[in-house]
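Heads up, the thing below is written out as structure tokens.
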Amino acid sequence: MKTILITGISRGIGCALAHKFLDEGYFVIGTSQNGTIDYTHQNLNIFKLEITSTDSIETCVTNISSLIQNRNSKIDILINNIGTLEDDNETKVIVEKLRTTLEVNLIGTINFTEHTIPHLSNNAHIVNISSQAGSLQDIEVFEHSHAPLRYPAYKISKAALNMYTRTLALRLRHENTNITVSSVHPGWVRTDMGGADAPLTPEEAAAYIYELGISRPETGQFWFKGEKYPW
Ligand SMILES: NC(=O)c1ccc[n+]([C@@H]2O[C@H](COP(=O)([O-])OP(=O)(O)OC[C@H]3O[C@@H](n4cnc5c(N)ncnc54)[C@H](OP(=O)(O)O)[C@@H]3O)[C@@H](O)[C@H]2O)c1
């Protein structure tokens with residue numbers, strides 16, 4: 001049975017991903033901020049994680065490490081799903097919101113990934129849930145771009161996360177691992193973050209993130225619905 005670690009499975013896209021991978025026969029390890037979720041499954045384990053805290057990351061990864069050692073396994077897929085949108089209605093960068101956003105979407109995600117890499121299988125796939133909002137190209141096409149002036153801190157965080165995908169992919173290749181690293185745009189999805197007007201359900205987004213996660217695509221790329229997305 002393959003093992004997947006998904007951050008932030010309490011709600012939204014992370015919750016739909018956990019259900020999808022459970023349905024497909026995976027052993028799922030998930031996280032939530034308070035260490036609980038409102039569903040159970042025999043192949044599901046949940047751990048507490050506050051991604052802005054190194055102490056919390058270390059405790060969480062130590063617990064995950066014990067679990068997978070007991071199962072004599074490694075992590076086959078890591079999905080970095082946790083994210084926050086602090087400046088949805090801002091057009092100017094509000095420095096405190098930028099700081100909070102970067103702590104979660106970028107620094108926390110990198111910190112968690114770096115602690116987790118030793119527990120990945122040599123053929124693992126790291127999937128960073130990014131966003132079209134982080135695309136440098138898309139933002140220039142103002143008339144076509146979604147919310148062109150809004151949430152600059154969120155956009156900055158996802159553009160930087162995409163650079164982490166690129167640099168980590170290159171590094172892991174040079175370290176002679178077979179670990180693949182991807183960024184993915186999930187689409188505009190009806191969640192607490194995406195809001196009620198979003199066209200996609202979390203289950204629809206989870207379906208093609210699942211296809212990406214189980215595949216072996218070219219490393220260090222940005223994907224949307226199975227196609228490369230412009231950086
Ligand atoms: N929805 C969209 O349209 C859309 C579009 C593009 C990209 N995305 C990306 O997709 C991912 C999932 O988004 P979503 O729409 O499912 O969001 P959501 O419904 O708001 O869920 C956010 C998740 O992140 C967790 N989280 C937030 N801050 C955290 C922290 N400090 N420490 C630990 N966990 C934290 C939450 O955990 P708790 O419940 O435990 O607080 C929750 O599981 C994010 O990376 C987001 O940027 C979403």
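Read the figures in this text as sums done on the coordinates, not as results from a lab. Since we're looking at a predicted model, the values are computed, not measured. With ideal geometry, Cβ positions are generated from the backbone for all residues, glycine too; neighbour counts draw on all protein chains shown.
The distance separating the Cα centre of region 6-48 from that of region 52-90 comes to 12 Å.
Note on residue 48 and residue 170: their simple-model spin labels are 3.9 nm apart, each label 7 Å out from Cα toward Cβ. Which of 201, 91, 180 ends up with the largest GNM mean-square fluctuation for the chain, with Cα atoms connected below 10 Å? Greatest mean-square fluctuation among the candidates belongs to 91.
For residue 122 and residue 197 in one chain, what is 0.36 nm times their gap in residues minus the Cα-Cα distance, to one decimal in nm?
Numbers: separation 75, 0.36 × 75 = 27.00 nm, distance 4.05 nm.
Between residue 122 and residue 197, full extension yields 22.9 nm more.
Taking a sphere under 15 Å around the Cβ of residue 23 and counting the other residues whose Cβ falls inside, with K and R at +1 and D and E at -1, yields a net charge of -2. Over region 3-228, all Cα pairs binned in 5 Å intervals from 0 give whole-percent P(r) values of 1, 7, 15, 20, 22, 18, 10, 5, 2, 0, 0, listed from short to long.
Output the antiparallel fraction of DSSP beta bridges having both residues in the chain, as a percent to the nearest 5. Don't jump to the answer; show the numbers that get you there.
Working: 2 of 28 bridges.
Here the antiparallel bridges make up roughly 5 percent for the chain.
Rounded if a/c is under 1.5, else prolate if a/b beats b/c, else oblate: with a ≥ b ≥ c from the C-alpha gyration tensor eigenvalues square-rooted, which is region 32-80? Oblate, since a/c reaches 1.5 and b/c is not below a/b. Once both labels are positioned 7 Å from their Cα atoms along Cα-to-Cβ, the gap between residue 137 and residue 163 label points is 1.9 nm.
Compute the length gained on full extension between residue 69 and residue 55: take 0.36 nm times their separation in residues and subtract their Cα-Cα distance, giving the result in nm to one decimal. Working shown, then result.
Working: separation 14, 0.36 × 14 = 5.04 nm, distance 2.10 nm.
2.9 nm is the gain from fully extending residue 69 to residue 55.
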